[in-house]
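Peer 1: For reference, the structure I am asking about is given below.
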Amino acid sequence: MLGYILTFLLIIAILFGIFNGQTNEITKSVTDGAGDAIKLSIAMIGLMAFWSGIMEIAKRGGLVNKLSNIFRPIIKLLIPDAKKDIECELAISLNVTANILGLGNAATPMGIKAMKKLKEFSKGKKLSKSITYFLVINCASIQLIPSTVSAIRSAAGSAQPFKVMPAIWITSGLTLIVALLVAKLLYYFVGGKNGS
């Protein structure tokens, strides 16, 4: 659906440019945009490789496991099915830890593993309480180290790419709290009536 919307907007923009006699600007913006996209991609590849390496060092050094142990009691409280399987609990903890460190790419494999385990425990329900809360925690994660945002800012030429960290801490923390409250309310009103 998003592809259709973007294609429609692109066609409209090109038509307006042609009717206003700005075909040279359209051509220039296409070539400049393509060049900028390539530069940004190359810069992002290097920075993501760096942060993925940092995550691997943290994992091998035991930092990730220590952080995941801190989150386990909270995870057990919010996601009751996690207690049923140590692998599921560990996968969720590692997923949350990777998201907190701003490494969404590293979090994905653990998230998929945790979701498969939670699906097994859902007893045929499409969306259990544990799955709902895990999705909310995964999607509205607190970012302690916003590596992706900082990488984009650095690639765009920012002198202080990590200057946005306090704003990201506040907004991501508030987002997670509000998302969990909304999920809890919706699950209470909608989920309880459906017997899930």
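Peer 1: Amide H neighbours of GLN143 under 5 Å, counting only residues 5+ apart in sequence or on other chains, H built in-plane at 1.01 Å?
Peer 2: SER172, GLY173
Peer 1: Something else: Give the distance, in whole Å, between the Cα centre of the stretch 14-28 and the Cα centre of the stretch 83-128.
Peer 2: 48
Peer 1: Kindly identify the stretch 35-135 as rounded, prolate or oblate by the Cα gyration tensor criterion: order the square roots of the eigenvalues as a ≥ b ≥ c, call it rounded if a/c is under 1.5, otherwise compare a/b with b/c, prolate if a/b is larger, else oblate.
Peer 2: Taking the square roots of the gyration eigenvalues as a ≥ b ≥ c, the stretch 35-135 is oblate.
Peer 1: Can you name the helices of the chain, as whole DSSP H runs, whose Cα span along the helix axis is 30 Å or more and whose Kyte-Doolittle mean is not below 0.0?
Peer 2: 23-60, 165-186
Peer 1: How high is the relative contact order of the chain, in percent, with contacts defined as C-alpha pairs under 8 Å that are six or more residues apart?
Peer 2: Taking the mean separation of contacting Cα pairs over the length of the chain, I get 19 percent.
Peer 1: Compute the Cα gyration tensor for the stretch 74-196, then decide on rounded, prolate or oblate, letting a ≥ b ≥ c be the square roots of its eigenvalues: rounded whenever a/c is under 1.5, prolate when a/b is larger than b/c in the other cases, and oblate in all that remain. If you can, show how the numbers build up before the last one.
Peer 2: Values: a/c = 2.94, a/b = 1.82, b/c = 1.62.
Because a/c hits 1.5 or more and a/b exceeds b/c, the stretch 74-196 counts as prolate.
Readers should treat all values here as calculations from the given coordinates under stated rules, not as data from a laboratory. Only a predicted model underlies this, so the values are computations on that prediction, with no experimental measurement involved.
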